[in-house]
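Report on the following structure.
The values are calculated or read from the model by the stated rules, or taken from the named source; none is laboratory data. What you see is a predicted model; the values in this text were computed from it and never measured. All Cβ positions, glycine included, derive from the backbone under ideal geometry; neighbour counts span all protein chains shown.
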Amino acid sequence: MENINIGVVNYLVSNKLKDSYFESNLLKESKEIAYDFLEVIKNSPILQLEFKVFNNIENKHISEDAIAVRYIDNNIKLFEIYTIDEINEEKNKLKRFVNEDVDVEDVNNYDLYDAIDVLIEQSLIDYNDVNVNLIHEAFTKVINHVKTPKTLDENISNDNELDVESINEDVIEIAVSKFNEKYDSLDESDRNLLQTLLKSKVKEKKEILENYKVENLQLLENMNKDSIKENVSNAINKIKNMVYNKNTIDNDIIDLYELKKDLNG
């Protein structure tokens, strides 16, 4: 097997479990392997995140290039809180579920799984070691897959035979926990804001944006310093013209948050 990753192992374990229903003598063994596989994932925040991301990308269909690119990037960026050594250490736990004689041709979507794995790895390695050609080839495979409409049969075949509901839960909480470790030097209000942005949905972010706009406008309008009157007026106009944009919402909220801190300072 050229490359072992969560996509490949999930396929092999799920397929073995499915086939064993027609081979009663193998059913017990297959169930035990599937159970062990799930336990390994459940005890590894990194493998849980990989499991989620691989499934996100494998089953997603987005026809528009720009949106598809952003979707892929957002999934890959979830791994920025980890190091490549941490990723590889967890991936090594999957080796025992793969026989050496398994051929990549036996794994549906192997090229996709390998491409996702490449994008994750290349996003974390040292800048001087990044292989631009490899990234381009991998990204092309992934975006072509995402842009390809999924038929009903494909959606059915992509459904996991394993009970993965618990694996899909709390991925964001894992990211937040790791985030706290990495950015422990930030003050509590900064961490709270960034945690909120990690966990919030679109509607919640819109509300946060509008609240910060109102608070900053009130602070600016109460300023009566003639020497900075023009700057205050420009800031007020800029805030009033600020509207929701899915591509800039996080940065806009952070800018307003920083402005409020400065005004209250």
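Mind checking which pairs have a first residue in region 243-255 that is over 19 Å from Tyr71 (Cβ atoms) and a second that is modelled with pLDDT under 80, Cβ under 7 Å, 6 or more apart or different chains?
Ile253/Leu197
Quick check, is Tyr113 free of Cβ contacts under 8 Å to residues at least 12 places away in the same chain, part of a helix (DSSP H, G or I) and of a type in the set (Phe, Trp, Tyr)?
Details: free of Cβ contacts under 8 Å to residues at least 12 places away in the same chain: no; part of a helix (DSSP H, G or I): yes; of a type in the set (Phe, Trp, Tyr): yes.
So Tyr113 fails the test.
Which pairs turn up if I take residues in region 81-100 that are assigned by TED's automatic domain parsing to the domain that holds Ser30 and more than 19 Å from Lys42 (Cα to Cα) and look for partners that are among the charged types (D, E, K, R) and in a helix (DSSP H, G or I) with beta carbon separation below 8 Å, at least 6 apart in sequence or on another chain?
Note: pairs meeting the criteria are Ile84/Glu121.
Just the residues that are surrounded by 18 or more Cβ atoms within 10 Å (Cβ to Cβ), of a type outside the set (A, V, I, L, M) and within 13 Å of Asn3 (Cα to Cα), please, taken from region 76-96. Lay out the reasoning, then the answer.
Applying the first criterion (surrounded by 18 or more Cβ atoms within 10 Å (Cβ to Cβ)) to region 76-96 yields 76, 78-79, 81-82, 87, 90-91, 94.
After this cut, where a residue has to be of a type outside the set (A, V, I, L, M) as well, the list is 79, 82, 90-91.
Residue satisfying the conditions is Lys91 alone.
Please go through region 193-230 and pick out each residue that is over 20 Å from the mean Cα position of the chain (by Cα) and modelled with pLDDT under 80. Please lay out each step first, then the result.
If we filter region 193-230 for residues that are over 20 Å from the mean Cα position of the chain (by Cα), which is where we start, we get 206-230.
Of everything in region 193-230, those that are over 20 Å from the mean Cα position of the chain (by Cα) and modelled with pLDDT under 80 turn out to be Met223, Asn224, Lys225, Asp226, Ser227, Ile228, Lys229, Glu230.
What helices (runs of 4 or more DSSP H) lie completely within region 3-64 and have 3 or more residues being out of contact with any strand residue (DSSP E or B) (no Cβ under 9 Å at 6 or more places or on another chain) and at pLDDT below 85? Reasoning before the result, please.
Working: elements: 6-20, 24-42, 45-59.
By residue number, 6-20, 24-42.
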